[in-house]
Amino acid sequence: MIALSPGLSPKRLLLCSRENANRVASRLFEECPGRVSIVRTANPIQPFRVCTSPTWGERVEVEMVF
């Protein structure tokens, strides 16, 4: 689990959630089928990021492949 700063706004907490990353990845996958990954970052402001080509060594949490 990620330790989020208690000073973050409710909107920020929603935007940086794993559930939101899943929604974004699903929408990207529907638009452009291929490889879509959810990557965990070390940044508490953006703990997850969605990308189409993670770099070597990144912590891939979920990967969608067509």
Unique residue being surrounded by 14 or more Cβ atoms within 10 Å (Cβ to Cβ), aliphatic (A, V, I, L, M) and touching a strand residue (DSSP E or B) at 6+ places or on another chain (Cβ under 8 Å) when the list is LEU28, LEU15: LEU28
The range 18-61, residues that are out of contact with any Phe, Trp or Tyr (no Cβ under 6 Å at 6 or more places or on another chain), among the aliphatic types (A, V, I, L, M) and at pLDDT 95 or above: VAL24, ALA25, LEU28, VAL39, VAL50, VAL60
Residue that is surrounded by the most Cβ atoms within 10 Å (Cβ to Cβ), among those in the range 31-52 that are within 13 Å of the chain's Cα centre (by Cα) and more than 17 Å from CYS16 (Cα to Cα): VAL36
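The values are calculated or read from the model by the stated rules, or taken from the named source; none is laboratory data. On a predicted model such as this, the values are computed, not experimentally measured, just so you know. As a convention, Cβ positions derive from the backbone with ideal geometry for all residues, glycine included, and neighbour counts pool all protein chains shown.
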